[in-house]
Structure formats: C-alpha cells, structure tokens
Amino acid sequence: METKSVLPVVSRIFARPKAGNAPEEYEDAAAIGDDRWPLRAAVADGATETSYSRTWAEILTEGVAQAGVSAVERLPTVLPQWQAQWDRDVSEQIEDMPWYGAEKAADGAFATLLGISIYEDNTWKAFSVGDCVLFHLSDDEVESAWPVDDPREFDHRPNLLPSRDGPPVPEPDATEGEWEVGDAFILATDAAAQWLLRTDPAAVLEFDEDRFRLATDSARGTGGLRNDDSTIVLLEMRAPEEGE
Amino acid sequence: MAYSAEISRQQPTAFLFLLDQSASMQDAFGGAEQKGDAAPSKARVLADTVNKLLQNLVLRCAKEEGVRDYFHVGVLGYGDRVQPLVTPAESLDSGTGLVPISHLAERPKRMEERVQRVDDGDGGTREQRVKSPVWFDPHAKNGTPMCQALDLATQHVRDWIDRHTGSFPPVVMNVTDGEATDGDPLRYAQKLRSYATDDGETLLFNVHLSESEAPAVELPTHRDELPRNAKYADDLFEMSSTLPFTMRSAAENEGYTVDLDTRGFMFNADPVALVKFLEIGTRPSNLR
C-alpha cells in the first residue's frame, strides 16, 4: 500500500500471486510515479511461458512511471532502451545456468502493459498493449472501461511487448479524456480486470489489504476470479485541500 | 467442460510418444527430395524431430529458477522389442514410466553441437554454434509390435491417472510407418482411450509416415478423405481421438480447417506435417 502526500491523489497498489505459487513467482508488476504532475502509473503482466518476465514487467512499469512515457508516440524510442536494460539484467543471471537457461532467455520475455498519465489541467492520456484494463470512475459509476469492456473478450492470446529486438512489436492502443475531483482510475491486469468487469469496479474504492484479500479469496473460490496473478492500482482524485 | 483443466505443477499433464522402430524405418520418406544414400531415414528424421520436440517442451517449462514440472513425458520405441527411450534416475522413478520434465531436462544422453546460420542484424547471416540435447538415437530393426506398445502405454497411463485424477488427461502420440505385426491395434487403442481423468478420456493420436509419393491426408474429419481400400488407414483413423478445443485452435493457427469431428490423425505424413502434428498435439491448454 502506498499513499501520496503532496499531490491531491490517493493511490494504492493491491497485488496477489496466483494461488499455489510462491510470492517470488508473481509475474505482474505495478508502479506509481513520483509525487508530481503529471502523475503516472502503470501495470504489466509478464507471460508465464517466458522466463525473466517479471523482470521485464518491472522494467516496463518503472519505465512508464519514472521515465515519463506519457505519449504513446515515445514508445518506439524507449522500447530499445528498456530491452537493453532487460538484457543487462538477465545476462548476468544466466551465465551458470544449464543448457535450457540461456536458450530460454534467448527467446526473450513478453508482457502486456497499460500506462496512464494524469495532468494537472484535468486531462489524462493512456496507452495499452494487451489486455490490462483502465477503469475511469465518476461518482462511483464506471465512465469507461478500456480497451476491453466485456468480460467475455479475454482470450489468453493478448498482444505482448517483447524484451528482445526481433519479434514484431504490436501497435499500442491509445485513449485520452478529462477528469474531475472525486473521480478515480483503476488499472488492472487481465484476471482482476475480467473479475471487475463481471462485478463492480467501484468496490475497489473500499479496499484495504484485508478486504482485497478476502474479496479475491472468495472470488477465486467461486470461479469469478480466474486463478492468476492479480494486480490493481487505484488512483483517487481529491480536491487540493484533501490531499494531505 | 472436458479437456479444460488448468495445467500447473500441482496438476501436470502427460505426453507419451510411441515410436515405430521397425526395419522399414530405415527407408527414406516416399516424397523425400533427396534420393538414395543422401536421404535421411524415417528413423533419423523421427529421432531428430522428437528430440527437438522434447527440447521445446523443456523450454516451455523453463523459468529463471529452473524447469517447472508442468509435463510428465514418456517415449516408448517399438521394433525388435518395446523399450523406454527416456528413463528417470532410479531414485526419482515415479513408477508410472513417465518422467517429470525437469528430470528430462537434466539428463540428456549428450549435448550435440551444431552450426546454424543466424541473422547478423546487418542484413547478412553469420555462423552460430548451438548445443542441442539428444535423449535417444534412431533405431530400426524387425517388426512392428504396435499392440504391445499400446498395451505398455495403457499400463503407464493407468498408473499415471491414478496419481493425477484432476489433470488434463494424458496425450499419447503414436508415430508409425507400417501395419502392426502383432495383432489388431484397434482393440488396444480403445482400451487405452477408455482410461480417463475427471477432465476427459486419454487422447490417442496417430501419425503414419509416408512410404509413397501419394499426398498426405492431414487431420481428416471423415473416413472418405482417406485412400480407398486401405483398411490400415481406416484402422488408424478409428484408433484416433477427435481434437479437443485447445488443439483445434492450435491446428487453426497452423492453417488447418477443423471441426468437432476432426481426428488427431495424419496419413502419408511428410517431415513437415509430422512437426506440425506434434506441435498441435502438445498444446493441451495454457500453463498457469
């Protein structure tokens, strides 16, 4: 959990690994940028069938949140830098691995990515590769769910950003809008997003760590939440005097 | 819905390959481009293809911390006798004849160095040395004891299912170039397929390797797609399970048109079709 103090924004990260997996096997990532305008946040979901996908998901989300990639047009410029960073991080680790370690890493990692930048002038921009979902809430009602708004549209074959130069880079989707005090943004990786689309995204506004854990336990038990890494970022837009 | 069980380390699935090692496997493919001594034997192509497939299965399960046991794997050869071609270390023998994929990863018979040409990123190519694991070598001798092989596969599958009742059921892939010389394999195939997990019956797929120049029949839906008067082809068709949903998707990705009645069967397959077929058959569902 994380709470902002300078910007009039309350932000939280909720994350749970897939049931049955160790916490270190969690392969989603979430990041919230520095406490200044524009506020940036991102979630990413590393593909299970690739190795070092958590490392890749972390580089992507940190890249958006810290390096200030708000415009989707900048992605072609920064992606090679992120790929080089992944290669540096991974090269050191695979030196002593058996035959499959280096060969698997040579294929690279893949991840979905959703990033948002929220500006002081009450506008926002977002971009997405894959099936993470951005919810914009106003008066506790869903204004928009993007780029997927139907829980039946998750097909397990989302577009993915590659950590190696070589595989095709999917064209990111982009959107933008305006926000008001009292609005909230929710960024969710696919399993959590599908669950929220089936239920009520506004429930996230009431989450603390315990409630999130209880809600996800219960939803996994009934099949409403697919057993997968599940990550949610909540950004609540407050009036300036409420920010403390 | 059947054939939808999530595959995880707690709930792995199993692949069992039955490989014809009869004397005729020494011959080249019917439609081979190279003729005479230069053409690789069917036994050589099959061994190379399955070694490569095992390598890919290991890589699918490889993560930064090691190889996750999403799959248990067995390879049985049948020719002068029926024999396992991959075995676990004695201390790790699960008693099912199937080897957790992490054990397979650690125990190739040898690593073979090959030179391949790769893109140099500058519009040209350069030579790169790659090491490939080899678990077994080609072998071709005597008859085609397919019934015995199916019988041993049935024992393995039954023992494995006893320990994995909730799993995606085992997938058995039989690759042959000739008729069984030890009885009627249909009866054995039906018995093998009758063993089921909670997620569905054991799947049996069959690939017949080409001896003639006749075109391949790939993933047929109806018996009348097969050559006429070939009882042998009819039997293999009858022995083969229909493709479950995820494998139909994999087949469509490979460019095939499929429906609910499409069989996991290829007749007169060439090496390219064999590779595509094994890829489709080893796509049970998403790993979690």
Descending semi-axes in whole angstrom, ellipsoid equivalent of the stretch B:137-288, from the Cα gyration tensor:
23, 20, 14
Show me the ranking of peptides A:163-170, B:230-237 by mean Cβ neighbours inside 10 Å, starting with the highest.
B:230-237, A:163-170
Treating the angle as unsigned and between 0 and 90°, give the value, to the nearest 10°, between the Cα long axis of helix A:53-67 and the longest Cα principal axis of chain A.
50
Pairing the Cα long axis of helix A:209-222 with the longest principal axis of chain A, what angle in degrees results, from 0 to 90 and rounded to the nearest 10?
70
To make sure I understand the rule: partners must be aspartates and glutamates, Cα under 17 Å from the Cα of B:LYS191, and not fewer than 8 residues away in the same chain. Which ones qualify?
B:ASP151, B:ASP159, B:ASP162, B:ASP182, B:GLU201, B:ASP235, B:GLU238
Among the lysines, which have Cα under 24 Å from the Cα of A:LYS125 when same-chain residues fewer than 8 positions away are ignored?
A:LYS4
How well do other chains shield peptide A:101-108, expressed as the mean number of their Cβ atoms within 10 Å of each residue Cβ?
4
Would you report the distance distribution of C-alpha pairs in the protein assembly as shown as whole percents per 10 angstrom bin, up to the bin with the largest distance?
4, 17, 24, 22, 16, 10, 5, 1, 0
Near-label residues of the stretch B:146-178 by backbone N, under 19 Å of a point 7 Å along Cα→Cβ of A:ALA19
B:165-168
Total charge of the residues flanking B:TYR3 in space, meaning their Cβ is under 12 Å from its Cβ, with Lys and Arg +1 and Asp and Glu -1, is -2
How much length is gained on full extension from A:GLU141 to A:ASP217, taking 0.36 nm per residue of separation minus their Cα-Cα distance?
24.9 nm
Using all C-alpha to C-alpha distances in chain A, build P(r) with 10 Å bins and read off the rounded percent in each one.
8, 33, 36, 19, 4, 0
Chain A: relative contact order from alpha carbon pairs under 8 Å, six or more residues apart, as a whole percent, is 27
Relative contact order, percent, of chain B when contacts are C-alpha pairs under 8 Å separated by at least 6 residues?
23
Given C-alpha coordinates of the stretch A:87-211, what is the ratio Rg to Rh with the Kirkwood estimate of Rh?
1.08
Can you tell me which lysines have their Cα less than 26 Å from the Cα of B:LYS131? Leave out same-chain residues fewer than eight positions away.
A:LYS104, B:LYS42, B:LYS52, B:LYS63, B:LYS109, B:LYS276
Return a whole-number percent for the relative contact order of the stretch A:1-112, with Cα pairs under 8 Å and 6 or more residues apart as the contact set.
25
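No value in this document is a laboratory result; all are computed from the given coordinates. On a predicted model such as this, the values are computed, not experimentally measured, just so you know. Quick reminder, even Gly has a Cβ in these numbers, built from the backbone with ideal geometry, and neighbours come from all protein chains shown.
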